[in-house]
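Chemist: Please find one structure pasted underneath; my questions will follow.
What follows draws every value from the coordinates through simple rules; no lab data is involved. Because the structure is predicted, anything quoted here is derived from the model rather than measured. So basically every Cβ, Gly included, is an ideal-geometry build from the backbone, and we count neighbours across all protein chains shown.
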Ligand SMILES: NC(=O)c1ccc[n+]([C@@H]2O[C@H](COP(=O)([O-])OP(=O)(O)OC[C@H]3O[C@@H](n4cnc5c(N)ncnc54)[C@H](OP(=O)(O)O)[C@@H]3O)[C@@H](O)[C@H]2O)c1
């Protein structure tokens, strides 16, 4: 059985990706930060569709905890599946802050950098010994790296860094046949940055060629494809999933 880790699997796109991957027969280790109950609800949904999942706590902003997290992942692989290796990793956990450039604080900057760039870098490094040759890594970036959107400068800059890091990972891990891709959502209906009110949703829908915001499941299906053999020849790409955001 193929087994993957999805960070930020308790809500939003990560939760949808966990469910979609489970439907496609993958075993799921999903992580949560502040919402253990939401994570357990996702585990129950996966059980209900005949899949198998375990939820583990992880603060992606705290790289010092990653070696211990790797040990916990190994124990979980052994106790739940009788396995010792992983087939995939989705660096999905994240949050947003809307704040114009001239008022961003150093603490806000550091917090966003830790979650969106430093976290994926060192978590991938920590889990690399557990990843099988031929496995798949997906990094969640954002359409805000392509279109400058006022109020999200640090967030978008770190997502841009993650996009570059994706190509470097693909290059360096290629010798182990590990594929690395970025998925870049447009406006998706989740609780990110406080969620969408009617006015904001209408604005984003108007900026999208298909005339609406996306649903987490629509991003999840692309993530799942990249994690399975359907995506076996896709590598080092940044795939925007946005319905055509500001084209
Ligand atoms: N929604 C969009 O329109 C959109 C667009 C472009 C890119 N994205 C990206 O897609 C990814 C998922 O976003 P989403 O919209 O699904 O957000 P969401 O609904 O707010 O869910 C965020 C998830 O990340 C977890 N998380 C947040 N901070 C964390 C931390 N420090 N350590 C570990 N986990 C943490 C949360 O866990 P807890 O709830 O357990 O704390 C939750 O599971 C993010 O990387 C985001 O930047 C989203």
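Chemist: Between 222, 60, 104, find the one with the highest GNM mean-square fluctuation for the chain; connect C-alpha pairs within less than 10 Å.
Modeler: 104
Chemist: Using a 7 Å offset from Cα along Cα-Cβ at residue 62, what residues in the stretch 96-131 end up with backbone N under 18 Å from the label point?
Modeler: Backbone N within reach: 110-124, 126-127.
Chemist: Gaussian network model of the chain, Cα springs within a sub-10 Å range: biggest mean-square fluctuation belongs to which of 78, 144, 225?
Modeler: Among 78, 144, 225, the largest mean-square fluctuation in the Gaussian network model of the chain belongs to 78.
Chemist: With a cut-off of 8 Å between alpha carbons and a minimum separation of six or more residues, what is the relative contact order of the stretch 1-59 in percent?
Modeler: With pairs under 8 Å counted, the relative contact order is 37 percent.
Chemist: For a footprinting-style exposure proxy, rank 242, 84 by other Cβ within 10 Å, fewest first.
Modeler: Placing the least packed residue first, the sequence is 84, 242.
Chemist: Take the alpha carbon atoms of the stretch 188-238, find their center, do the same for the stretch 133-175, and report the distance between the two centers in whole angstrom.
Modeler: 15
Chemist: Restricting to DSSP H runs of at least four residues, report the calculated mean residue ellipticity at 222 nm for the chain, -39500 (n - 2.57) per run over all residues, nearest 500 deg cm²/dmol.
Modeler: Computed mean residue ellipticity for the chain: -12000 deg cm²/dmol.
Chemist: Next up: When N is the residue count of the chain, what does its C-alpha Rg come to as a fraction of 2.2 N^0.38 Å?
Modeler: My calculation over the Cα atoms of the chain gives 0.96.
Chemist: If R0 is 35 Å, what FRET efficiency do you get for residue 175 and residue 23 from their C-beta distance, rounded to 0.05?
Modeler: Values: r = 32 Å, r/R0 = 0.92.
Taking R0 as 35 Å, the efficiency between residue 175 and residue 23 is 0.65.
Chemist: Further question: Please report how far the C-alpha centroid of the stretch 28-46 lies from that of the stretch 54-131, rounded to the nearest whole angstrom.
Modeler: The two parts, judged by their Cα centres, are 15 Å apart.
Chemist: Let me check against my output: what whole-number percent is the relative contact order of the chain, with C-alpha pairs under 8 Å and at least 6 apart? Present the calculation step by step, with values, prior to reporting the outcome.
Modeler: On the way: 477 pairs, mean separation 49.3, N = 247.
Answer for the chain is 20 percent.
Chemist: What ranking of 245, 155 emerges when the number of other C-beta atoms within 10 Å of each C-beta is taken as an exposure proxy, fewest first?
Modeler: By the 10 Å Cβ count, ascending, the order reads 245, 155.
Chemist: Would you compute the Debye intensity of the stretch 1-125 from its alpha-carbon atoms alone, equal scatterers and no solvent, and pass along log10 I(q)/I(0) at q = 0.09, 0.10, 0.14, 0.20 Å⁻¹ to two decimals?
Modeler: With no solvent term, the Cα-only Debye profile gives -0.26, -0.32, -0.59, -1.09.
Chemist: Taking the chain as a Gaussian network, Cα atoms linked when under 10 Å apart, which of 25, 151, 50 shows the biggest mean-square fluctuation?
Modeler: Sorting by GNM fluctuation, first place goes to 50.
Chemist: For the chain, give me the percentage of DSSP beta bridges that are antiparallel, rounded to the nearest 5 percent.
Modeler: Of the beta bridges lying entirely in the chain, close to 5 percent run antiparallel.
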